[in-house]
1. For the condition surrounded by fewer than 19 Cβ atoms within 10 Å (Cβ to Cβ) and either part of a loop (DSSP other than H, G, I, E, B) or within 16 Å of the ligand (Cβ to nearest atom) (or both), what is the one hit in 2, 26, 73, 87?
2. From 289, 348, grab the single residue that is surrounded by fewer than 18 Cβ atoms within 10 Å (Cβ to Cβ) and touching a strand residue (DSSP E or B) at 6+ places or on another chain (Cβ under 8 Å).
3. Might you let me know whether segment 70-79 holds any residue that is assigned by TED's automatic domain parsing to the domain that holds residue 267 and at positive phi?
4. Quick check: is even one residue across segment 254-263 within 11 Å of the ligand (Cβ to nearest atom) and either over 20 Å from residue 106 (Cα atoms) or surrounded by fewer than 24 Cβ atoms within 10 Å (Cβ to Cβ) (or both)?
5. Please tell me if residue 104 is under 14 Å from the mean Cα position of the chain (by Cα) and within 16 Å of the ligand (Cβ to nearest atom).
6. Residue 269 - would you say it is in contact (Cβ under 8 Å) with a residue 24 or more places away in the chain, within 30 Å of residue 60 (Cβ to Cβ) and surrounded by fewer than 17 Cβ atoms within 10 Å (Cβ to Cβ)?
7. Using the structure shown, decide if residue 322 is within 16 Å of the ligand (Cβ to nearest atom), under 22 Å from the mean Cα position of the chain (by Cα) and assigned by TED's automatic domain parsing to the domain that holds residue 97.
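The values are calculated or read from the model by the stated rules, or taken from the named source; none is laboratory data. All values derive from a computational prediction rather than experimental measurement. Glycine also receives a Cβ, built like all others from the backbone with ideal geometry; neighbour counts cover every protein chain displayed.
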Ligand code: PLP
């Protein structure tokens, strides 16, 4: 008999991966499933990046690399932090991992002990709480009020801190809400953190370049240099360069933390894929017009879908400032019934109704810690997005009191 270790019972499969799988399975059964669950750009990786990978293979860069990343990539990352974020990191303060997800996993596994607390502002990316739990820690959720853009408020942060708090996780722009903290908002959070020197900050900046309406990106180690010595700044190439499948992410922070993460990585993956690391160098150091162009396209799509969604009776969505998701409230539908008589009492019920009645796959807000909402991704073509909104409108119209 197979024994699954108890630590695995503390976590759930990633809801977004499961939703993708469910949509693929239904499609295989012949159903016309429209999936608006994607957590990845629908563009191809730019040619110059792919060509760099081909060149790397031809040049024989096909062996193990340094566990923490090739010197060339770590230097490119150091340069990116200096040029784009005004942050100085040496190569010994940088780790490359198999996606930002692995970098976050490494950091939490290295630092969170049984019973340690990690403050996770809600709504949150689905993986933070489960990685904390896997490490034996306790996620402490603090909801950012929707009226204040779903952002963590300094007084709420202060109240959530205890002697067991190890980390605050920040994610801006945020998945799923698109909430994007400006420099002043980060400075206000930093004021609180400066009073609590035992609390470290893990900032997940993976959507840095997908920021709209001309807003300026800010990250906490830059805004509050006093916190840099206890901040891990995580980023990657997945979203900015349409490179999700290449699996390259990185983190920068104090050398002692990075060293611990490299040690853990040496006993798990041995380091990220060599060819993908060469491609990531090309992404970070090559032409950046792809980034500006995808930002423009995503902003247009956001506006199109936002308008269509907000025109549907009972749904309400704020305007996200970044990332590529709409996180809409559906709680006005609670109490209505499907034509089959099933009551809608939660975002899970609403999501199931969308799938059953209109073959539309979206994600329930409960997966992100806010059960009154649901998430759709606008990383899809405009026709698909508009068709998605038509299906959502029909699903809404089919509900009866
Ligand atoms: N962080 C957030 C907030 C994300 O939404 C995602 C992907 O959906 C990741 C990290 C994972 O990024 P990567 O592909 O680099 O592992």
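1. Working: 26 fails: either part of a loop (DSSP other than H, G, I, E, B) or within 16 Å of the ligand (Cβ to nearest atom) (or both); 73 fails: surrounded by fewer than 19 Cβ atoms within 10 Å (Cβ to Cβ); 87 fails: surrounded by fewer than 19 Cβ atoms within 10 Å (Cβ to Cβ).
Within the list 2, 26, 73, 87, the selection yields 2.
2. Working: 289 fails: touching a strand residue (DSSP E or B) at 6+ places or on another chain (Cβ under 8 Å).
Being surrounded by fewer than 18 Cβ atoms within 10 Å (Cβ to Cβ) and touching a strand residue (DSSP E or B) at 6+ places or on another chain (Cβ under 8 Å) holds for just one of 289, 348, which is 348.
3. The first filter runs over segment 70-79 and keeps only residues assigned by TED's automatic domain parsing to the domain that holds residue 267, leaving 70-79.
So of that shortlist, the ones also at positive phi come out as none.
Scanning segment 70-79 turns up no residue that is assigned by TED's automatic domain parsing to the domain that holds residue 267 and at positive phi.
4. Going residue by residue through segment 254-263, those that are within 11 Å of the ligand (Cβ to nearest atom) are none.
So far as segment 254-263 goes, no, none of its residues is within 11 Å of the ligand (Cβ to nearest atom) and either over 20 Å from residue 106 (Cα atoms) or surrounded by fewer than 24 Cβ atoms within 10 Å (Cβ to Cβ) (or both).
5. Working: under 14 Å from the mean Cα position of the chain (by Cα): yes; within 16 Å of the ligand (Cβ to nearest atom): yes.
Taking the combined requirement at face value, the residue satisfies it.
6. Values: in contact (Cβ under 8 Å) with a residue 24 or more places away in the chain: yes; within 30 Å of residue 60 (Cβ to Cβ): yes; surrounded by fewer than 17 Cβ atoms within 10 Å (Cβ to Cβ): yes.
Here the answer is yes, as residue 269 does meet what is asked.
7. Working: within 16 Å of the ligand (Cβ to nearest atom): yes; under 22 Å from the mean Cα position of the chain (by Cα): yes; assigned by TED's automatic domain parsing to the domain that holds residue 97: no.
Considered against the rule, which asks whether it is within 16 Å of the ligand (Cβ to nearest atom), under 22 Å from the mean Cα position of the chain (by Cα) and assigned by TED's automatic domain parsing to the domain that holds residue 97, residue 322 comes out as no.
Okay, residues lined up against (1) within 16 Å of the ligand (Cβ to nearest atom); (2) under 20 Å from the mean Cα position of the chain (by Cα); (3) surrounded by 16 or more Cβ atoms within 10 Å (Cβ to Cβ):
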residue: 143; (1), (2), (3): no, yes, no
residue: 149; (1), (2), (3): no, yes, yes
residue: 157; (1), (2), (3): no, no, yes
residue: 167; (1), (2), (3): yes, yes, yes
residue: 171; (1), (2), (3): yes, yes, yes
residue: 177; (1), (2), (3): yes, yes, yes
